[in-house]
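Undergrad: Here it is, the structure in full.
The values are calculated or read from the model by the stated rules, or taken from the named source; none is laboratory data. Here the structure is a predicted model, which is why all the values come from computation and not from measurement. Cβ placement follows ideal geometry from the backbone for every residue including glycine, while neighbour counts extend to all protein chains displayed.
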Amino acid sequence: MSSSSTTSSAAPAAGQPRPSTDRRGILFIISAPSGTGKTTLCKQLSANLPGLWHSISYTTRKPRSGEMHGREYYFIEEAPFREMIVRNEFVEWAQVYGHLYGTPWKSLTEKIDQGIDVLLEIDVQGAMQVKKQFEDSVPIFILPPSMTVLRSRLQTRASDSPEEIHRRLHEVREEVWSYREYAYVVRNLDLGQSLRDLESIFRSERLKTQRLNIKWLENNFIFDDDLQTGDRKDLPNR
């Protein structure tokens, strides 16, 4: 795959402050070979899980049948895309299959700072760049049932030329080798089961101790106003 990418050096200013009881939002990164079903799964996750926002990237490719500007992608021409690169507006950007794709800083960081979880659907190359900027992100890789099924899906979809399908299949094995960089791997044998597996990952990550708002927890359950001064002396040292 002929591609190039760069990463912004710093995030823009933080968004609005979170309520004291809320944790910081989690960035979930989902990657998969084209035709694996990740877009369908991501749409279902966004519909099923409250407090989850599906990030929208920019691209210079043309919309496919049924796609809408501002829903699947922000579809723009190459010149304004490159102007955004110069203005340092992307967490990452890459050229993939001859088209430019970019993840915007502003909407991503604002949602996370507001305590809203973000679902980022992105290719392997972009995921590796985003991981460097968001070390506490949760990367998930989705596998197709098999290479045979994947080939059939790409051909049935009929949105890509035979040459592009051949090129995509050629890259799949290289993409799959990147599974080691992901925290979770889900094989999409059955859409319903895969969705349940992904939902369990999202719910578990939300409950991890490391994601708690420690100040809120201590103020409400350890240093409660009703706790007498004498009782505080018995608390263990932290």
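Undergrad: Which residues, counting only those in the stretch 94-126, are within 18 Å of residue 81 (Cβ to Cβ), in a loop (DSSP other than H, G, I, E, B) and at pLDDT 90 or above?
TA: 122
Undergrad: Okay, moving on. I'd like to know if the stretch 161-169 contains one or more residues that are under 21 Å from residue 54 (Cβ atoms), part of a loop (DSSP other than H, G, I, E, B) and of a type in the set (Ser, Thr, Tyr).
TA: Scanning the stretch 161-169 turns up no residue that is under 21 Å from residue 54 (Cβ atoms), part of a loop (DSSP other than H, G, I, E, B) and of a type in the set (Ser, Thr, Tyr).
Undergrad: Something else about it: Quick one: is residue 201 of a type in the set (A, V, I, L, M) and under 18 Å from residue 46 (Cα atoms)?
TA: yes
Undergrad: Let me ask you something else. Within the stretch 63-84, take every residue that is crowded, with 16+ Cβ neighbours inside 10 Å and either of a type in the set (D, E, K, R) or farther than 18 Å from residue 122 by Cα (or both) and give me the one that is modelled with the highest pLDDT.
TA: Across the stretch 63-84, the extreme among qualifying residues is 84.
Undergrad: Identify, please: which residue in the stretch 97-117 is among the aliphatic types (A, V, I, L, M) and buried (at least 22 other Cβ atoms within 10 Å of the Cβ) and is, among those, nearest to residue 178 (Cα to Cα)?
TA: 100
Undergrad: Let me ask something else about it. Looking only at residues in the stretch 43-53 that are over 23 Å from residue 90 (Cα atoms), assigned to a helix (DSSP H, G or I) and touching a residue at least 12 places away in the same chain (Cβ under 8 Å), which one is farthest from the chain's Cα centre (by Cα)?
TA: 48
Undergrad: Check 163, 199 and return the single one that is surrounded by 11 or more Cβ atoms within 10 Å (Cβ to Cβ) and either modelled with pLDDT of 85 or more or out of contact with any His (no Cβ under 8 Å at 6 or more places or on another chain) (or both).
TA: 199
Undergrad: Here's something else I'd like to know. Does any residue in the stretch 54-75 that is farther than 16 Å from residue 95 by Cβ and touching a residue at least 40 places away in the same chain (Cβ under 8 Å) come within less than 9 Å, Cβ to Cβ, of a residue that is in a loop (DSSP other than H, G, I, E, B) and of a type in the set (S, T, N, Q) six or more places away or on a different chain, and which pairs are these?
TA: 64/159; 65/159
Undergrad: Is there a residue being modelled with pLDDT of 95 or more, among the aliphatic types (A, V, I, L, M) and out of contact with any Lys or Arg (no Cβ under 7 Å at 6 or more places or on another chain) anywhere in the stretch 167-184?
TA: Within the stretch 167-184 (the criterion being modelled with pLDDT of 95 or more, among the aliphatic types (A, V, I, L, M) and out of contact with any Lys or Arg (no Cβ under 7 Å at 6 or more places or on another chain)), the answer is yes, since at least one residue qualifies.
Undergrad: Show the residue pairs meeting these rules: Cβ distance below 6 Å; 6+ apart or different chains; first residue within the stretch 183-200 and farther than 17 Å from residue 118 by Cα; second residue loosely packed, with under 12 Cβ neighbours inside 10 Å and modelled with pLDDT of 95 or more.
TA: none
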